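Only one structure is covered here, and it is reproduced in the block below.
What follows draws every value from the coordinates through simple rules; no lab data is involved. Here the structure is a predicted model, which is why all the values come from computation and not from measurement. Here Cβ is always computed from backbone atoms with ideal geometry, including for glycine, and neighbour counts include all displayed protein chains.
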Amino acid sequence: MTTTNTPEWVNQQLFTGLLKHNYNDFETIKKFMSTAAISGGENYLTIVLRIEIGMQMKDKSSKEISYILKIPLVSDRGDEHDFHDLFVTEADMYDRLVPELERLYEKHASISVRFKPAHLKFPENAPNCDYILMEDLRSKGYKNLERMFGLGQTEMRAVLKKLAQWHAASARRVADEGDYEEHYQKSYICPEQYKWIEQSNVTFNVPFLECMQHYELDPGQQLLISNYTARMTELYMDFGRISPSDFSVLNHGDFWCNNFLFNVNNGEIEDVCFVDFQLPKYGTPAHDLFSLLMTTPNMHIKLEQFDQFIEYYHEQLVNHLKLLKYERKIPTLPELHTNLNKHGLWAFVCAQRMLPVSLYPASSDSNIENFMGDSEMAMQFKRNILLNPSYVKQMKRILPWLIERGYIN
């Protein structure tokens with residue numbers, strides 16, 4: 001069985017070579033199924049397939065295995081597609097950078113910390129297009145939690161601890177290996193992308209300002225936000241700059257609940273694992289913190305426990321930097337808050353652009369053309385997600401809170 005989005009090269013013959021390479025006692029494939037691993041409207045940039053295989057081994061016993069395969073939305077043009085650089089980046093993260101971070105814990109702390117699924121490559125007859133092939137963590141009990149309802153305090157603390165481990169290791173890596181390559185320092189938030197960022201800001205800000213009247217702001221707040229959106233491209237440039245005097249980390253870059261999975265056993269969270277390493281950015285930890293805290297907690301705790309979440313993250317960050325024998329200056333909690341205030345733009349960006357996607361029910365309209373485009377259909381899609389009652393309810397509270405905190409100024 002295959003899905004309509006499965007290209008012809010994803011076939012039994014291709015995976016036979018992979019299984020022969022990884023299993024000495026493999027004999028033949030008895031079952032081969034390709035199905036959508038993520039329902040429509042849950043993934044904007046890629047097609048994600050679950051490959052389920054029933055193997056017969058040389059002793060005639062049976063074994064079941066499954067993989068996750070990510071391929072470009074446009075998969076029949078070789079590398080000539082808009083997302084090629086994202087696949088190159090993600091492959092490098094899986095192959096090189098994330099394993100380096102994991103090894104730092106073994107080297108300096110003698111503990112095992114895992115951040116990602118196992119990454120595999122086809123050993124022979126590899127397809128002539130971009131792909132990311134991973135183990136299927138579902139078979140080990142990992143799962144995404146409900147994005148539209150939001151996570152509770154226990155789940156949030158588990159994610160924040162794992163994020164602090166990641167950030168600590170990424171900072172220690174600089175001490176061990178030197179600076180990250182220019183690509184990771186710039187990502188897409190750099191002067192070379194000025195025109196694209198400017199156009200993207202227009203594409204989002206026009207429908208947002210149209211819908212803002214539904215968020216019950218007073219006239220002064222509306223004027224402040226309107227003026228703020230007019231400055232956003234310059235604020236993006238400021239956000240992308242790396243200050244040598246500030247504590248910096250390698251951010252995941254797209255850190256919300258669809259991009260991490262929980263392993264829950266008897267109601268206890270045993271592990272959190274990250275996926276989708278397509279947009280990493282070296283710089284302020286505000287990048288990941290605002291992405292997570294503006295999108296993922298349940299609204300009942302999102303604002304009320306914001307400071308407690310930051311305090312817990314900082315506590316874990318300090319613990320793990322010390323565990324890794326980090327010898328450079330460790331930021332204090334007040335310094336972390338100062339950094340968040342300095343980079344408050346990202347709190348607004350995540351509330352304006354990531355949160356409406358997180359709260360919107362899966363739909364065939366949820367695609368990259370509508371999310372990034374400026375056609376009438378695309379603009380109407382953005383109006384729809386910005387006027388989703390769940391989103392409107394949250395923004396009535398979030399926008400005044402962002403202003404009060406000084407994140408919008």
Legend entry - For volume of the Cα convex hull per residue in Å³, calculated from these coordinates, the label among [x] 165; [y] 176; [z] 151: [z]
Legend entry - Alpha-carbon centroids, the range 137-171 and the range 238-298: separation in whole Å: 9 Å
Inset, instruction - May I ask you to derive the relative contact order of the range 12-135, considering only C-alpha pairs under 8 Å and at least 6 residues apart, and to give it as an integer percent? - result: 25 percent
Inset, instruction - Starting from the amide H of Ile47, placed 1.01 Å from N in the peptide plane, find each other amide H under 5 Å away whose residue is 5 or more places distant or on another chain. - result: Ile71, Leu73
Inset, instruction - For a footprinting-style exposure proxy, rank Val88, Val357 by other Cβ within 10 Å, fewest first. - result: Val88, Val357
Inset, instruction - Read phi for every residue in the range 179-192 and hand back ³J(HN,Hα) as whole Hz from Karplus 6.51 cos²θ - 1.76 cosθ + 1.60, θ = phi - 60°, with x for Gly and Pro. - result: 5, 5, 4, 4, 4, 7, 6, 9, 6, 9, 9, 7, x, 4
Legend entry - Farthest positive-ward along the chain dipole, Cα basis, beta-carbon charges - from Ala118, Tyr228, Thr46: Ala118
Inset, instruction - Please list, in chain and number order, the residues 5+ apart from Lys30 or on another chain whose amide H is under 5 Å from its amide H, with Hs placed from the backbone. - result: Gly54, Met55, Gln56
Legend entry - Cα gyration tensor category, rounded, prolate or oblate, for the range 12-135 with a/c compared to 1.5: oblate
Legend entry - Helical mean residue ellipticity (222 nm; -39500 (n - 2.57) per DSSP H run of 4+; nearest 500) of the chain: -13500 deg cm²/dmol
Inset, instruction - Please turn the phi angles of the range 369-374 into ³J(HN,Hα) values with the Karplus equation 6.51 cos²θ - 1.76 cosθ + 1.60 (θ = phi - 60°), one per residue in order, whole Hz, x for glycine and proline. - result: 5, 6, 5, 9, x, 10
Legend entry - Dipole moment magnitude, nearest 20 debye, the range 145-405 about Cα centre, only Lys, Arg, Asp, Glu C-beta charged: 340 debye
Inset, instruction - Work out from phi, with θ = phi - 60° and the Karplus expression 6.51 cos²θ - 1.76 cosθ + 1.60, the ³J(HN,Hα) of each residue of the range 134-150, listed in order in whole Hz, and give x for Gly and Pro. - result: 9, 5, 8, 5, 4, 5, 9, x, 7, 7, 6, 9, 5, 6, 6, 7, x
Inset, instruction - Figure the gain on full extension for Asn341 and His300 (residue separation times 0.36 nm, minus the Cα-Cα span) and round it to one decimal in nm. - result: 12.5 nm
Legend entry - Local net charge near Glu27, Cβ-Cβ under 15 Å (Lys/Arg +1, Asp/Glu -1): +3
Inset, instruction - Kindly count the pairs of lysines across the range 12-135 whose alpha carbons are less than 15 Å apart, treating pairs on different chains or eight or more residues apart as eligible. - result: 11
Legend entry - Gaussian network model of the chain, Cα within-10 Å springs - most flexible of Asp276, Asp254, Asp238: Asp238
Inset, instruction - In nm, give the distance between the simple-model label positions of Val202 and Asp95, each being 7 Å from the Cα along the Cα-to-Cβ direction. - result: 3.8 nm
Legend entry - Spin-label pair Glu146/Glu192, simplified geometry with 7 Å Cα→Cβ offset, distance in nm: 4.4 nm
Legend entry - Rounded, prolate or oblate (a/c below 1.5 giving rounded, otherwise prolate when a/b exceeds b/c) for the range 215-342 by Cα gyration tensor: oblate
Legend entry - Student exercise, the range 12-135 dipole from Lys, Arg, Asp, Glu Cβ charges, in Debye to nearest 20: 580 debye
Inset, instruction - Express in nm, to one decimal, how much length is gained between Cys273 and Glu216 on full extension, taking 0.36 nm for each residue of separation and deducting their alpha carbon distance. - result: 16.7 nm
Inset, instruction - Loop sites only, by DSSP: take the trypsin sites (Lys or Arg not before Pro) in the chain that have at most 11 other C-beta atoms within 10 Å and name the longest stretch containing none of them. - result: 78-327
Inset, instruction - Would you be so kind as to identify which of Ser62, Ala351, Ser363 lies farthest towards the positive end of the dipole of the chain, taking Lys and Arg as +1 and Asp and Glu as -1 on Cβ and the Cα centre as origin? - result: Ser62
Inset, instruction - Normalising by the residue count of the range 145-405, find the relative contact order in percent from Cα pairs under 8 Å and 6+ residues apart. - result: 30 percent
